[in-house]
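Trainee: Can you keep this structure in mind? I'll have questions shortly.
A short reminder: the numbers here are calculations on the coordinates, not readings from a lab. If you're wondering where the values come from, they're calculated on a predicted model, not measured in any experiment. Cβ atoms come from the backbone with ideal geometry, glycine included; neighbour counts cover every protein chain shown.
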2 protein chains.
Amino acid sequence: MKRSERLVAMTNYLMNHPQQLVSLPYFSTTYAAAKSSVSEDLSIINDMFQHEGIGYLQSVSGAAGGVRYIPVYSKENSAAFIDELCRKLADSDRLLPGGYLFMSDILGEPATVNKIGRLFATAFHDREIDVVVTVATKGIPIAYAAAAYLNVPVVIVRRDPKVTEGSTVSVNYVSGSSRKIQTMVLSKRSIPDQANVCIVDDFMKAGGTINGMKSLLQEFNANVTAIGVLAEAEDEEEERVVEDYTSLIKIQNVDVRNQRVEVQKGNYFN
Amino acid sequence: MKRSERLVAMTNYLMNHPQQLVSLPYFSTTYAAAKSSVSEDLSIINDMFQHEGIGYLQSVSGAAGGVRYIPVYSKENSAAFIDELCRKLADSDRLLPGGYLFMSDILGEPATVNKIGRLFATAFHDREIDVVVTVATKGIPIAYAAAAYLNVPVVIVRRDPKVTEGSTVSVNYVSGSSRKIQTMVLSKRSIPDQANVCIVDDFMKAGGTINGMKSLLQEFNANVTAIGVLAEAEDEEEERVVEDYTSLIKIQNVDVRNQRVEVQKGNYFN
């Protein structure tokens, strides 16, 4: 196989296998090329990934070595994407009762959700993460996008048990916004003991939902090593109960009466 | 920029923009290369995509022409993936009451879900589809994966209205398995009038849920042009109420007492 052909095939392979260690022999066998040629190919790919701002190839030396594609998104790419997202969201037509913003259309675009996932995977690329956990419904696509780049599975906390989950563990908690007791359930088989968990959700006000997830995860002896929310907003009635989270956007100065809202970059960009 | 570098960058770009028409001038401007060089690059990429079984580049001639990456997965790749999935699922430990199979762990793997989406996008690549619709919860990641390859948005039908959806349309229907009246709601802003819709879900027995979605979509004057389910299984009590669907796997001869189940390729492979 020619270099030009190998470069296309290897780029495809690496993009589909982020965070996975790939041995040089794997490439030289698959594409019938000398190890030295494969090394040069990887050097070209590494340069171009950095040039495009989509990450880099990490070399791991030794007998069990190889390369690993670390899909960190460049600061320029990240800021440009979030600036554009803020512009789209800062539309007074999106204001809903309770100071929420209608985001379903934007969260319905796979390419947008994919980039949101990229940003979380970039923010958390050096943390210990075994699994991404979210709660149904809106956080799910974001969680999958982040998990794909982190190369870990997703576990979904539900509001209601379902027969297809098998036996479950549940916790009750008080939601900040509704002041009602709510339930969260998680399949017993879903998370191994003492897993390192990244929590992801689409929206956070006081943080009651995320706190509920933390309580539930304690039942599995999990360590929460990262918390990512797409949008944070202030709760008028309650103080924030979650610290040490990463937000991509911040919704501020919601004025339902005058139909005004400000959307800015979140604390990830501080 | 050298050919080798362009090939990496263009492969990355095309993989991230399936089904989108990209003009040759875009590539020659972005990578500062002559149109003839870009054409040769695209020819190499096209050959390799076909060689790897991940699709092909469609040329569109004329002033508004360019290339479009059609991400159809080869028959060999598709069959190999589904065979492996069937093997994983045909484990009696997965049997749940009611003849359901525990699939949450497998549906929690982003790479697996991504391939399921690729298969649906391959099955439906020549149909008119403006939007992929699914119902919360398990179908969501599959719907996003398919929609990413089809380059269309996702709309999620919910079981319960939520303030962040704005005003909604709802229908009641009788679920086949539970014989209970259930509700489905969809945000009014979510689907344009007369859209072409692809319905995707993880599991279908008699098809009551999918029929419910069809009823709800009638309220939006939508045309259902494709229905894809990951797994179909027979319902012991009710005849199937949905025709003209595509399934990737078929769960058969469920014997809860003797803890046995058969999992085979679905009708997509007929």
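Trainee: What is the gain in length, in nm to one decimal, between B:Ile181 and B:Gln264 on full extension, counting 0.36 nm per residue of separation less the C-alpha to C-alpha distance? Please report the intermediate quantities before stating the final value.
Mentor: Values: separation 83, 0.36 × 83 = 29.88 nm, distance 3.17 nm.
Once the chain is fully extended between B:Ile181 and B:Gln264, it gains 26.7 nm.
Trainee: Simple spin-label model, 7 Å along Cα-to-Cβ: B:Ala34 to A:Lys2 in nm?
Mentor: With each label point 7 Å from Cα toward Cβ, the separation is 1.6 nm.
Trainee: Treating the beta-carbon of each Lys and Arg as +1 and of each Asp and Glu as -1, no other charges, what is the dipole magnitude of segment A:214-270 about its Cα centre, to the nearest 20 debye?
Mentor: Numbers: 6 positive and 12 negative charges, 69 e Å.
For this selection, approximately 340 debye.
Trainee: Given a Förster distance of 45 Å, report the FRET efficiency between B:Asp160 and B:Glu52 from their Cβ-Cβ distance, rounded to the nearest 0.05.
Mentor: Working: r = 43 Å, r/R0 = 0.96.
With a Förster radius of 45 Å, E is 0.55.
Trainee: Moving on. Ranking B:Thr137, A:Thr30 by Cβ neighbours within 10 Å, fewest first, what do you get?
Mentor: Least to most surrounded, the residues fall as A:Thr30, B:Thr137.
Trainee: Follow-up. Given the options A:Ala136, A:Ala32, A:Ala90, state which has the largest fluctuation in a GNM of chain A using a 10 Å cut-off (strictly under) for Cα springs.
Mentor: Comparing A:Ala136, A:Ala32, A:Ala90 in the GNM, the peak value goes to A:Ala32.
Trainee: Taking the Cα centre as origin and putting +1 on Lys and Arg beta-carbons and -1 on Asp and Glu beta-carbons, what dipole magnitude results for the protein assembly as shown, to the nearest 20 debye? Working shown, then result.
Mentor: On the way: 54 positive and 64 negative charges, 57 e Å.
Once rounded to the nearest 20, the dipole reads 280 debye.
Trainee: Can you give the direction-averaged projected area of the convex hull of the alpha-carbon atoms in chain B, in nm²?
Mentor: Computing the convex hull of the Cα atoms and averaging its projections yields 16.4 nm².
Trainee: Quick one: Karplus J couplings for segment A:7-19, per residue in order, coefficients 6.51, -1.76, 1.60, θ = phi - 60°, nearest Hz, x for Gly and Pro?
Mentor: Working through the residues one at a time gives 4, 5, 5, 6, 4, 4, 4, 5, 5, 8, 10, x, 6 Hz.
Trainee: For helix A:35-52, what angle does its Cα long axis make with the longest principal axis of chain A, in degrees from 0 to 90 and rounded to 10?
Mentor: Relative to chain A, helix A:35-52 is tipped by roughly 30 degrees.
Trainee: Assuming a ≥ b ≥ c are the square roots of the Cα gyration tensor eigenvalues, decide whether the protein assembly as shown counts as rounded (a/c under 1.5), prolate (otherwise, with a/b larger than b/c) or oblate.
Mentor: Rounded.
Trainee: Other chains' Cβ within 10 Å of A:91-97 residues: what's the mean?
Mentor: Per residue, the number of nearby Cβ atoms from other chains is 2 on average.
Trainee: Something else now. Mind giving me the FRET efficiency for B:Ser59 and A:Asp91? R0 is 41 Å, r the Cβ-Cβ distance, nearest 0.05 is fine. Kindly include the intermediate steps, with their values, before the conclusion.
Mentor: Numbers: r = 38 Å, r/R0 = 0.93.
Between B:Ser59 and A:Asp91 the formula returns 0.60.
Trainee: Arrange A:Val38, B:Val113 by Cβ neighbour counts within 10 Å, fewest through most, would you? Each step should come with its number before you reach the end.
Mentor: Working: A:Val38 22, B:Val113 26.
The fewest-first ordering by Cβ neighbours comes to A:Val38, B:Val113.
Trainee: Something else now. Given H placed 1.01 Å from N in the peptide plane, which residues other than close sequence neighbours of A:Lys188 have an amide H under 5 Å from its amide H?
Mentor: Under 5 Å from the amide H of A:Lys188: A:Ser167, A:Thr168, A:Val169.
Trainee: If you place +1 on the Cβ of every Lys and Arg and -1 on the Cβ of every Asp and Glu, how big does the dipole about the Cα centre of segment A:3-70 come out, in debye to the nearest 20?
Mentor: Here the size comes out at about 180 debye.
Trainee: If one takes the longest principal axis of the Cα atoms in chain A, at what angle in degrees, from 0 to 90 and to the nearest 10, does the Cα axis of helix A:139-150 lie?
Mentor: 20 degrees
Trainee: Let me ask something additional. Listing A:Phe220, A:Phe49 from the residue with the fewest other Cβ atoms within 10 Å to the one with the most, what is the order?
Mentor: Ascending Cβ contact count within 10 Å gives the list A:Phe220, A:Phe49.
Trainee: Which distances, in nm and shortest first, link the A:Arg260 label point to the same label point in every other copy, taking 7 Å along Cα→Cβ?
Mentor: 7.2
Trainee: Right, something else. Output wanted: per-residue J couplings in Hz (rounded whole) for segment B:118-133, from phi through Karplus 6.51 cos²θ - 1.76 cosθ + 1.60, θ = phi - 60°, x for Gly and Pro.
Mentor: Residue by residue, segment B:118-133 yields 4, 5, 5, 5, 5, 4, 10, 5, 9, 9, 7, 9, 9, 7, 9, 10 Hz.
Trainee: Using a ≥ b ≥ c from the Cα gyration tensor of segment B:42-167 (square roots of the eigenvalues), is it rounded, prolate or oblate, where a/c under 1.5 gives rounded and otherwise the larger of a/b and b/c decides, a/b for prolate? Each step should come with its number before you reach the end.
Mentor: Values: a/c = 3.37, a/b = 1.34, b/c = 2.51.
Oblate, because a/c is 1.5 or more while a/b does not exceed b/c.
Trainee: Can you pull the mean other chain C-beta count within 10 Å for peptide A:145-155?
Mentor: Working: counts 4, 1, 6, 7, 1, 1, 3, 3, 10, 7, 3.
Partner-chain Cβ atoms within 10 Å, mean over residues of A:145-155: 4.
Trainee: Relative to the longest principal Cα axis of chain A, at what angle does helix A:75-89 sit, 0 to 90 degrees, rounded to 10?
Mentor: 30 degrees
Trainee: If eta is 1.002 mPa s and T is 20 °C, what Stokes-Einstein diffusion coefficient results for segment B:3-70, Kirkwood Rh from Cα pairs, in µm²/s? Don't jump to the answer; show the numbers that get you there.
Mentor: Values: Rh = 11.8 Å.
The estimated diffusion coefficient comes to 181 µm²/s.
Trainee: Provide an ascending nm list, one decimal, of label-point separations from A:Gly65 to the equivalent residue in each further copy; define each label point as 7 Å from Cα along Cα→Cβ.
Mentor: 4.8
Trainee: Let me have the relative contact order for segment B:1-157, percent, based on Cα pairs under 8 Å that are six or more residues apart.
Mentor: Dividing the mean separation by the residue count of segment B:1-157 yields 20 percent.
Trainee: Would you be so kind as to identify which of A:Leu150, A:Gly108, A:Ser92 lies farthest towards the positive end of the dipole of segment A:77-181, taking Lys and Arg as +1 and Asp and Glu as -1 on Cβ and the Cα centre as origin?
Mentor: With unit charges placed on the Cβ atoms, the residue in question is A:Ser92.
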